[in-house]
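A quick write-up on the structure given underneath.
Rule-based calculations on the coordinates, nothing more; no lab input. Note that the structure is predicted; figures quoted are calculated from it, not measured. Glycine also receives a Cβ, built like all others from the backbone with ideal geometry; neighbour counts cover every protein chain displayed.
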Amino acid sequence: MSLERNNDTMAALLADATAGPSGAPSLWQNALRADDARRAPRSGSLGAKRISTPVGVAVIVLLMVVIAGAMVPALGKARSSARSLSSYSEPDGGPYMDSRWLDRSSFATEYQKPMNGGAPTSAASMAETRHVIRKLTIDLTTSDVRSVFAKTGLVINEALGEYVETSSITGDGPTTSATITLRVAASRVSEVMNQLRSLGVVTAETVNGQDVTDAVFDLDARLRNEERIERELLELIDKRPDAPLKDLLEIRAQLAQVRGQIESLVGQKERIGRLVSLATVLVSIRTEQAVVETKAEGLGAYFIAGIERAWEGSLRNLADAAAFLVRTVVGGLVWWVILAIAVFAVWRMAKRVAARHAREPAPLA
Amino acid sequence: MPEAYRSEASMTTDEQLLARFVRGERAALGTLAERHERNLVGLATGLLDGRVDLAQDAVQESWLRVIRYAKSFEGKSSFRTWVYRVVINRCREIREKGVSGQALIAAVPERETPLSENPLRLTVAEAGLSEVRAGLRGLNPSARLLVLLCYHRGLTHSEAADVMDIPIGTLKSRLNAALNELRGLLGDSDTKAGAI
């Protein structure tokens, strides 16, 4: 009995030890306020709603794609124009200053190159031995076609081997037009073009470069090979002076054949050399009155033509943008999938971390 | 609170209230607090040797945790089990902080001699609340938690077993052992006389 009473007393005391205070609960309100204070946007911020991590990552990626989409075409154009500009660079004694092609005696120097196929072994040597055939066109308008035509012929320097390849002038008065083809030293292309630009109003200008370096190296290699064969045949004749006549005649026939090959290859090299050393500049000259008359005829038509060009240009831009989007989405499909998997993994991990925090561990018993 | 509202609130389960809070109904958390906060503070007070201020801190921190992770509550256990575990773990953290431990000890009068050697051999019948608390301090933490949880007015033995994540049979056997140890510390002379 007393044991039961003692047990009851202890039970009552233990219950009292864990009895809570009277009064309305208020700690939950304090906790809510603390949480609100934590979530409240800091002063100076935009006060935007908190964005979940996966959504934020997706927005950032989308922004990067849009910015890249705007920049990539511009970068591509910059790269291509940088390439074309660099190909114009012709310092004195630069790669296009191939005066050795004008002197046959320098061929000996070429023949003595090591038999490595003639391929340059370093980037610097590649720049020095690059051979490019240049073709340029320039369209000029001027009020006096005949005068400009005459001045055009004077820009060449015959001492450097430059010359007027073709020239023609037709028409009279406002319909006069002329064309003239100049062969200009590769090292003087820039200078000549600048002089031509100063003669009239430039309405069009193009540059084309054909890299024939590989062809030249191939010719070199073949030449060296033929020369070696020729030397060996000559040595054979010298070593066997008492050889039968039949053998000697055969060797001589082969020698003649080899010599013919050598001459042919030398000829090809000379032709390429001339094309490389002398750039071709085609100048077209028209009177500018024709352009003015066109404008005077229909300003309205000109306006409409401008609108049409702008409309066509904007449609082309739209097509380019659509093409870029297709390239980005379809071409980068593998990367989009990888990105989606990564974002999903991050989201799942974040969710698991939150769930782990919510899963309060049982107190150790 | 109007009677109709009160009866409606009492019919709603804890989990439903939590879901409503997650959807933005802050009053639902108030209803949960009305049901559990008093008992939680009481349990925390018992675990923290009567320090009501520390117990309130622990319960407030626990509510904060509930608010933050309510969305992630998976419902694998009941809400009551979850919130009791949160409170118990927060109390353990407070005890383990060291500084708070010293404060806890200072709140209880130091005994000059160990209970077992006290010639007076206080009986359970004569032990006051402070003596019971002193006796509880003599138990190991697991036994102390078990005793307080099982005698806590807010939980049944089954619910206490859920909180501890142990079978109810294990809980009862451990509870008996803890109570015997507590009685020993409190010096139950009536029990010894009865045994003789």
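Amide H contacts of residue A:140 (H built 1.01 Å from N, in plane; Pro and chain starts excluded): A:203, A:284, A:285, A:286 sit under 5 Å, all sequence-distant by 5 or more or on other chains. Take the Cβ atoms of residue A:39 and residue A:320, set R0 to 51 Å, and the FRET efficiency comes out at 0.70. The stretch B:32-48 and the stretch A:233-260 have Cα centres spaced 118 Å apart. Express in % the proportion of alpha carbon pairs of the stretch A:211-331 at distances exceeding 22 Å. Counting every Cα pair in the stretch A:211-331, those more than 22 Å apart make up 70 percent. Between residue A:338 and residue B:142, the modelled label-to-label distance comes to 5.0 nm, taking each label 7 Å out from Cα in the direction of the beta carbon. Extending 7 Å from Cα along the Cβ direction at residue A:347 and again at residue A:165 yields two label points whose distance is 6.4 nm.
Considering the dipole of the stretch B:9-96 built from charges on the beta carbon (Lys and Arg +1, Asp and Glu -1) around the Cα centre, which of B:36, B:72, B:94 is farthest to its positive end? The residue sitting most towards the positive pole is B:72.
Label sites at residue A:328 and residue A:62, each approximated as a point 7 angstrom past Cα along Cα to Cβ, lie 1.2 nm apart. With the highest mean first, a sort of the peptides A:327-339, B:52-64 on other beta-carbon atoms found within 10 angstrom per residue produces B:52-64, A:327-339. The ratio of the alpha-carbon radius of gyration of the stretch B:134-186 to the globular-protein estimate 2.2 N^0.38 Å is 1.06.
Take the Cβ atoms of residue A:303 and residue A:202, set R0 to 30 Å, and the FRET efficiency comes out at 0.75.
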